[in-house]
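Participant: The structure follows.
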Amino acid sequence: MLHEYREQISVLKQENAHFAKIFDEHNNLDQKIQDITEGREHLDDMELRELKRKKLELKDEAHAIIMEYIKEQKN
């Protein structure tokens, strides 16, 4: 997720507990979705769509935190 911000992610995971939590939750959802789509776990389509929606929300929130961090570093 957001590989172009590796340095910022590394810092934020150490300095911002909320960011670390949503980052880990996003990665857990990503793995669960992959397991479902590859047949290792089973979930109906509606539940899978909900997991994908939640994963996208977490990514958007993480991206917003990263952008705010970058903005603060420039000032």
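Participant: Nearest 20 debye, what's the magnitude of the dipole of the chain about its Cα centre given +1 on Lys and Arg Cβ and -1 on Asp and Glu Cβ?
Facilitator: Values: 13 positive and 18 negative charges, 43 e Å.
Around 200 debye, computed over the chain.
Participant: Using R₀ = 30 Å, calculate the FRET efficiency as 1/(1 + (r/R₀)^6) where r is the Cβ-Cβ separation of residue 46 and residue 25; round to 0.05.
Facilitator: On the way: r = 20 Å, r/R0 = 0.68.
Working from the Cβ atoms, E equals 0.90.
Participant: If contacts are Cα pairs under 8 angstrom and at least 6 residues apart, what is the relative contact order of the chain in percent? Present the calculation step by step, with values, prior to reporting the outcome.
Facilitator: Values: 38 pairs, mean separation 29.8, N = 75.
Worked out over the chain, it gives 40 percent.
Participant: Express the accessible area of segment 8-75 per residue in Å², computed with a 1.4 Å probe while the remaining protein chains stay in the model. Intermediate results must be reported in sequence, preceding the final value.
Facilitator: On the way: 4830 Å² over 68 residues.
Heavy-atom SASA per residue in segment 8-75 reads 71 Å².
Participant: Can you pick out the pairs among 32/71; 13/74; 21/55; 21/52 whose Cα atoms lie more than 22 Å from each other?
Facilitator: On the way: 32/71 33 Å; 13/74 19 Å; 21/55 13 Å; 21/52 17 Å.
The pairs that break the limit, which is 22 Å between Cα atoms, are 32/71.
Participant: Toward the positive end of the charge dipole of the chain, about the Cα centre and with charges on Cβ (Lys, Arg +1; Asp, Glu -1), which of 34, 67, 17 goes farthest?
Facilitator: Comparing the listed Cα positions along the dipole, 67 ranks first.
Participant: To continue, here is another question. How large is log10 I(q)/I(0) at q = 0.16, 0.25, 0.28 Å⁻¹ when the Debye formula is applied to the Cα atoms of segment 13-75, each weighted equally and without solvent?
Facilitator: -0.58, -0.99, -1.12
The values are calculated or read from the model by the stated rules, or taken from the named source; none is laboratory data. As the structure is a prediction and not an experimental result, all values here were calculated from the model. When we count neighbours, we look across all protein chains shown, and the Cβ atoms used for this are built from the backbone with ideal geometry, even at glycine. Each accessible area value is taken on the protein alone, full model and side chains, heavy atoms only, with ligands, DNA and RNA left out. Shrake-Rupley method; radii C 1.70, N 1.55, O 1.52, S 1.80 Å.
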